[in-house]
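Notes follow the structure.
The values are calculated or read from the model by the stated rules, or taken from the named source; none is laboratory data. Just so we're clear, the structure is a prediction, and the values are computed from it rather than from any experiment. FYI the Cβ positions are ideal-geometry reconstructions off the backbone, even for glycines, and counts take in every protein chain you see. In case anyone asks, the SASA skips ligands and DNA or RNA and just uses the protein heavy atoms, side chains included. Shrake-Rupley method; radii C 1.70, N 1.55, O 1.52, S 1.80 Å.
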Amino acid sequence: KQYAERPPVFTQFLGTYQCGQCQKVYRKVKNWEGQVQANIPLLQLPPNNQKVNPLELLQSHIQEPFRTRCSEQGCRAQISGGKLEVELGFFTIIALNRMNSGFQKLRNRLELSRSDKLLDPGQLVSVLCHRGDINHGHFVSYHCVDDQWFLNDDSRQVIPTNSPVDHPNIRTETIELLLFKR
């Protein structure tokens, strides 16, 4: 009982919808057809490498209705208009889709401005970046400890650095994952 009353460790983005054919109601569905990122939303970056706020992308992702199929035996009707519900956890992970339809890597610069209208996932504590192009490269991570950012790279020792969001090197690396802590 104590465990059930605690918030989830990771933020959950859960679907709710009703089948228009058999009237079955689905709430808090963690897995639905074509939506493997039920707990880690994969946010599409806009074209033309324009500056973008991932929290605004997350808000749009939450508000956008999705499509699925009814899982009721014998029904399997298409369902439109499914909505996401958010259960904030201790950690929130956001993934950014850096590929466009032409299989080119998008190099949008990120800006983490906050407002009352946006979901507040907490403090940014870790960032995963990719260095290189779409065919080959290397992943590095940045972690914030006591307001100091550190670069973790298997080709060198852990070193203090600047925030990868505030001082990005968009020529050599792109941010792929953001980890927030409440």
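Things to note:
- Selection of the range 41-59 for residues being open to solvent by 70 Å² or more (accessible area, probe 1.4 Å) and over 19 Å from Pro164 (Cα atoms) yields Leu42, Gln44, Pro47, Asn48.
- Residue in the range 84-100 that is closer than 14 Å to Leu177 by Cα, in contact with a strand residue (DSSP E or B) (Cβ under 9 Å, 6 or more places away or on another chain), not small (Gly, Ala, Ser) and not in a strand (DSSP E or B) present: yes
- Test: residue in the range 94-110 that is among the polar types (S, T, N, Q) and modelled with pLDDT of 90 or more: no
- For the range 1-51, filtered to residues that are part of a loop (DSSP other than H, G, I, E, B), of a type in the set (Val, Ile, Thr) and at pLDDT 80 or above, the residue that is nearest to Ile62 (Cα to Cα) is Thr11.
- Wholly within the range 109-182, strands (runs of 3 or more DSSP E) carrying at least 3 residues that are touching a Phe, Trp or Tyr at 6+ places or on another chain (Cβ under 7 Å) and open to solvent by less than 30 Å² (accessible area, probe 1.4 Å): 123-132
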